[in-house]
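A short worksheet on the structure shown next.
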Amino acid sequence: MAPRWAFPICLALLLTANAEAFRAPLLYNKYAGIPPLVKSLNTTNPSVVVMFPFYPPSAIWLNARYMLYSTAFWKPMLNGYSGFMPASYVEHSQHLGSFPDEDSIRYLEGLGVTHILVDSRSTRQEVLARLANVHELSLGGTDGNLLIYLLK
């Protein structure tokens, strides 16, 4: 290749490779901060938290919001703390897929869960309706979307 063509051809190849990989427009959600209700979990009492919906392993990335929320209270949480998925996550997912049935409540009790945070906008209406009939749960607070239940 002639030296005078080397730079323009390399530049054209570099631009073409980056143009092919470019995805536009880049959309971002405005960060609204951690809801004050979540911050109410920051107590000195020992607690174990689980957040619902509890996503299956194939959608573990949806827990990112929960992990951000956990920085407001720093309690053990079944949903995880990072992108690493331990074997226990798969087991939790299998037992909690039918929440809030009796078996899932017993499973949570066995793990020592004390607080259940439910995102009502992401939870099916029939699940929300069933929550009111679970005697082991008492509503600890709500902000209109998030619901905190205490597991007795």
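For the stretch 1-38, applying the loop criterion from DSSP together with a ceiling of 11 other beta carbons within 10 Å to the chymotrypsin sites (Phe, Trp or Tyr not before Pro) yields F22, Y28, Y31. A straight Cα-to-Cα reach below 18 Å connects K39 with the lysines K75, residues fewer than 8 places away in its own chain not being considered.
The simple spin-label model puts a point 7 Å past each Cα toward its Cβ; for R130 and E109 those points are separated by 1.7 nm.
Please name whichever of P100, G110, Q125 sits farthest to the positive end of the charge dipole of the stretch 90-132, dipole taken about the Cα centre and charges placed at Cβ: Lys and Arg +1, Asp and Glu -1. The Cα lying farthest towards the positive end belongs to Q125. Loop-located trypsin sites (Lys or Arg not before Pro) in the stretch 89-131 (DSSP state other than H, G, I, E, B) with a sparse environment of at most 16 neighbouring Cβ atoms within 10 Å: R124.
Among the chymotrypsin sites (Phe, Trp or Tyr not before Pro) in the stretch 83-152, those placed in a DSSP loop whose Cβ has at most 15 other Cβ atoms within 10 Å are F84.
Between M51 and L78, N79, L117, the built amide H atoms are under 5 Å apart, and every one of these is 5 or more places off in sequence or on another chain. Summarising the label geometry, the points placed 7 Å from Cα in the beta-carbon direction at S40 and C10 lie 6.2 nm from one another.
Taking each residue as 0.36 nm, the span from R121 to A19 lengthens on full extension beyond its C-alpha to C-alpha distance by 33.0 nm.
Just so you know, all these numbers are worked out from the coordinates, no wet-lab data involved. What you see is a predicted model, and the numbers here were worked out from it, not measured in a lab. All Cβ positions, glycine included, derive from the backbone under ideal geometry; neighbour counts span all protein chains shown.
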